Amino acid sequence: MEMETEEILSRSNFIWKGWPSFDAITLLQVIRKCQNPTQAQSATFNVDASSKSARAMPDNLFGIFFEEINHAGAGGLWAELVSNRGFEAGGKNTPSIFDPWVQIGNDSNIILSTERTSIFERNEIALKLEVLCDKNAKSNPCPSQGVGVYNPGFWGMNIERGRLYNVVLHIMSVKSVDISVSLTSSDGSQNLAQHSIKGQKFLGWSKVEFKLRARGTNSNSRLQITTSKSGTIWLDQVSVMPSDTFKGHGFRNDLASMLSDLKPGFLRFPGGSYSQGGTLMNAFRWKSTVGPWEQRPGHFNDIWNYWTDDGLGFFEFLQLAEDIGALPVWVIHNGISLNDQINPSSLPSFVEDVLDGIEFARGDAHSTWGSVRAEMGHPNPFKLRYISIGNQECLNGNYRANYLKFYTAIKSAYPDMKVVTNCDGSIGKLDHPADLYDLHVYTSASDMFSKAQLFDKISRNGPKAFVSEYAVTGNDAGKGTLVAALAEAAFLLGLERNSDIVEMASCAPLFVNDNDRRFNPDAIVFNSDAQFGTPSYWMQQFFKYSNSATYHPSTIQVSNYPYLLASALTWEDTNSRRKYLKLKILNYGSAAVPLNMSMSGLETTISSNGGIQAVLTSSKLSDENSFQEPKKVAPVLTKFAKAGGKMSVMIAPYSLTSFDLLLDKQNLRSSI
Ligand code: AHR
């Protein structure tokens, strides 16, 4: 039995602190971490675990929301190391800027310019390198390191010793070339890997592919393409991808693993405001993001102000959802951007475009758009079952008319598709049909705590709620504080209690590249080679077994201390088929609380051999994690020595605590 407990511990990402002799000691240690705790009166926590009171929780209650914000995808989850790989970021007019590519060599040795000479119709710009120097010329010899261009990636490329990198570039030249493609340190002095292309003529555009194995490590590297031979060369669509991406699908391994560790029930994408675009011209348009990566035009993310090559496109979002075991939720463009919108006469074509997108995702491999998906390597349909008609446009005068057109067309072609409106169904009956309504909750910590009751009094008859964006923001939140995480935990406990009318919830934003913070706080922080979860990320780990779990009503009571919230559910470990009773207790106040827990009505006994206790707390409410202290605020796990139907525990101030109590196998009911 202990093996099983250890297995759970090792599979979780919490900090395992070993086996204490007395669970109370660990609790006291946690309490001592907090400043001058007082002690509240004893509280009681009664759980009615009988099958007659039990309720099945939604399969996809807690999920994730990915938005291309803060360089979450480009320069983040999407593992491509080259930034502006097709030289398109400067626009279609030439000459255009080609940042962040930088010239190597001075103007007397090399002239760089942009031309519309690309072989790719949708992204015409290519880079022309006129090399004036030559290693054999007496009058203008090239400098010893050669001349050319380098790309620093997104604030430096992470190159690791022994790792293999797939390099692709498209090239054209007037005469035979002598080119060196290398990965170097940011000043070019440390050569980490190199490949030579010598003696070949590329009179027309040619695709050149090779692998580079790094012989050194540097998290601030760059890609250099240099030569010491005079002549003219054109470059286009240059890519460097690590060969070991998540499930081989191009996602940065460490970041995708953090997502999959949350066991998300769904993945909402691609935004947020990003899906609307500041203007229609710059909105995410799915058709421009599918097919071979070289042929994607890329687009300017005018909401969060950066270029994206759209390597992370519609197909990749669907693939990511599948790879992390989540259902995709596509937020479509409904014809309304933040600053402009379509003329009603264009609406049919936008509706058609969405139907094409659904066919791409789940149509037969021989259908028009399903075949494009199949060509991309996924003949089987993706499980697209949820569509959000936009993001936050309900107050726009045209929203309802547009919504109804999309709704009717989608439902008649795909009756099983669940359609989400972004008009708030919690404040009254909606005037249009919908399966779910989308709600975004950004607020202070104290207000978020009080929102634990938000859904208690809402009608049980309307469409279900999808809280697709929630976060404590503002001063309380910093870049991700303990207090923000605890207040969000209160909110999620309220969602669990109301999961008869709340079907889905996800925090926002999910990712931030530390070099481009556009929105605070975020669940996962990263740079080129490191990453950490904020307290909110760790808080969400306490809720990862709620999807498909069985909810048990409970009461938690104490005099004069309105800071305790709790929930109880049973969940099954899909690997071992073992069942656990999970108790979560939030203490949002400054006192330690002696808590008497009592579980009644269980049809099986709680294994006396213990369970696992996890505690998320820290010494200060404003404590945050950082690259230096990535797990300063992270759950501490211990084995709980004496479990049973009645337990007395001490709950630390300002903490979220969970107990996973193993249920004895022999008496398990087959279902609740
Ligand atoms: O999560 C950040 C932004 O907040 C989203 O893009 C938008 O939907 C919300 O206003």
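Taking square-rooted eigenvalues a ≥ b ≥ c of the alpha carbon gyration tensor, is the chain rounded, prolate or oblate, where a/c under 1.5 means rounded and, failing that, a/b exceeding b/c means prolate?
Numbers: a/c = 2.37, a/b = 1.64, b/c = 1.44.
Note, shape of the chain comes out prolate.
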Which FRET efficiency value, to the nearest 0.05, do you get for Ser622 and Ser576 by plugging their Cβ-Cβ distance into 1/(1 + (r/R0)^6) with R0 = 45 Å?
0.70
Positive end of the dipole of the stretch 573-663, charges at C-beta (+1 Lys, Arg; -1 Asp, Glu), about the Cα centre: which of Val633, Thr604, Leu616 has its Cα farthest in that direction?
Thr604
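Report, in debye and to the nearest 20, how large the dipole of the stretch 102-242 comes out about its Cα centre when Lys and Arg carry +1 and Asp and Glu carry -1 on their Cβ. Please list the in-between numbers first.
Numbers: 16 positive and 11 negative charges, 98 e Å.
My answer is approximately 480 debye.
Going by accessible area, probe 1.4 Å, with all protein chains left in place, what is the ranking of Arg116, Arg578, largest first?
Numbers: Arg116 125, Arg578 25 Å².
My answer, sorted largest first, is Arg116, Arg578.
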FRET efficiency estimate (nearest 0.05) - Cβ-Cβ, Lys92 to Glu352, R0 25 angstrom
0.45
Heavy-atom surface of the chain, accessible at 1.4 Å and reported per residue (Å²):
38 Å²
Number of Lys-Lys pairs in the stretch 349-471 under 27 Å by Cα, sequence gap 8 or more or different chains?
17
Amide proton proximity set for Leu510, modelled H, under 5 Å, gap of 5+
Glu67, Ala523
Can you tell me the length gained on complete extension of the stretch Asn515 to Ala137, counting 0.36 nm per residue apart and subtracting the Cα distance?
131.8 nm
Inter-centroid distance (Cα atoms) of the stretch 578-607 relative to the stretch 201-272, Å
47 Å
Inter-label distance for Ala56 and Asp447, nm, one decimal - labels placed 7 Å from Cα along Cα-to-Cβ:
3.7 nm
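For a protection proxy built on the mean count of beta-carbon atoms within 10 angstrom, sort 225-235, 95-105 highest first, please.
On the way: 225-235: 21.0, 95-105: 17.5.
Sorting 225-235, 95-105 by mean packing, highest first, produces 225-235, 95-105.
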Ellipticity estimate at 222 nm from DSSP helix runs (n ≥ 4, -39,500 (n - 2.57)) divided over the chain, nearest 500:
-5000 deg cm²/dmol
Rounding to the nearest 20 debye, state how big the charge dipole of the stretch 371-485 is about its Cα centre with +1 on each Lys and Arg Cβ and -1 on each Asp and Glu Cβ.
340 debye
Can you work out ³J(HN,Hα) from phi for every residue in the stretch 307-322, in order, using Karplus 6.51 cos²θ - 1.76 cosθ + 1.60 and θ = phi - 60°, giving whole Hz and x for Gly and Pro?
7, 10, 6, 6, x, 8, x, 4, 4, 5, 5, 5, 5, 4, 4, 4
In straight Cα distance, which aspartates and glutamates are under 20 Å from Lys198, not counting same-chain residues fewer than 8 positions off?
Glu130, Asp134, Asp178, Glu209, Asp236
Farthest toward positive dipole pole in the stretch 85-221 [+1 Lys/Arg, -1 Asp/Glu at C-beta], among Gly86, Leu127, Val177:
Val177
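If you average 1/r over all unlike Cα pairs in the stretch 419-495 and invert the result, what Kirkwood radius do you get in angstrom? Could you put the intermediate results ahead of the total?
Values: mean 1/r = 0.0764 Å⁻¹.
Result for the stretch 419-495, one decimal place: 13.1 Å.
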Can you list the residues of the stretch 346-383 with backbone N under 11 Å from a point 7 Å past the Cα of Ala401, pointing along Cα to Cβ?
346-347
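Quick check: residue separation of Asp456 and Ser367 times 0.36 nm, minus the Cα distance between them. What number comes out in nm?
Working: separation 89, 0.36 × 89 = 32.04 nm, distance 4.56 nm.
Using 0.36 nm per residue and subtracting the Cα-Cα distance, I get 27.5 nm.
Could you tell me what percent of the accessible area of the chain is made up of carbon and sulfur, with a 1.4 Å probe and every protein chain present?
Details: 12390 of 25440 Å².
About 49 percent, which is the carbon plus sulfur part of the accessible surface.
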Please sort 71-83, 423-435 by packing, taking for each peptide the average over its residues of neighbouring beta carbons within 10 angstrom, highest first.
71-83, 423-435
Cα-centre dipole for the chain with unit charges at Cβ (Lys and Arg positive, Asp and Glu negative), debye to 20:
1080 debye
Leaving out same-chain residues fewer than 8 places away, which aspartates and glutamates sit with a Cα under 13 Å from that of Lys544?
Asp59, Asp261, Glu496, Glu572, Asp573, Asp660
Give the shape of the stretch 102-242 as rounded, prolate or oblate, defined through the alpha-carbon gyration tensor: a ≥ b ≥ c are the square roots of its eigenvalues, a/c under 1.5 means rounded, and otherwise the shape is prolate if a/b is larger than b/c and oblate if not.
oblate
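With a/c under 1.5 counting as rounded, go ahead and sort the stretch 445-533 into rounded, prolate or oblate using the C-alpha gyration tensor (a ≥ b ≥ c being the square roots of the eigenvalues; past the cut-off, prolate if a/b is larger than b/c, else oblate).
On the way: a/c = 2.98, a/b = 2.00, b/c = 1.49.
Judged from the Cα gyration tensor, the stretch 445-533 comes out prolate (a/c at least 1.5, a/b above b/c).
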Roughly speaking, what is the centre-to-centre gap between the stretch 116-130 and the stretch 499-551 when only Cα atoms are used, to the nearest Å?
40 Å
Cross-link list Lys201/Lys247; Lys620/Lys642; Lys247/Lys631; Lys128/Lys247: which exceed 32 angstrom alpha carbon to alpha carbon?
Lys201/Lys247; Lys128/Lys247
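What FRET efficiency comes out for Asn339 versus Lys287 if R0 is 22 angstrom and r is the Cβ-Cβ distance? Round to the nearest 0.05.
Values: r = 22 Å, r/R0 = 1.00.
Once the sixth-power term is evaluated, E becomes 0.50.
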Counting only DSSP beta bridges with both partners in the chain, the antiparallel fraction in percent, to the nearest 5, comes to 70 percent
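Of the peptides 410-420, 327-337, 627-637, how do they stack up when ordered by the mean number of other Cβ atoms within 10 Å, highest first? Write out the running numbers ahead of the final one.
Numbers: 410-420: 15.7, 327-337: 25.4, 627-637: 17.4.
Packing order, densest peptide first, comes out as 327-337, 627-637, 410-420.
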Pick out, from Asn191, Val149, Ser221, the residue whose Cα sits farthest towards the positive end of the charge dipole of the stretch 102-242, with +1 on the Cβ of Lys and Arg and -1 on the Cβ of Asp and Glu.
Asn191
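The values are calculated or read from the model by the stated rules, or taken from the named source; none is laboratory data. What you see is a predicted model, and the numbers here were worked out from it, not measured in a lab. Counting neighbours? That spans all protein chains shown, and the Cβs are built from the backbone with ideal geometry, glycine included. Please note that ligands, DNA and RNA were not included when accessible areas were found on the heavy atoms of the full protein model with its side chains. Shrake-Rupley method; radii C 1.70, N 1.55, O 1.52, S 1.80 Å.
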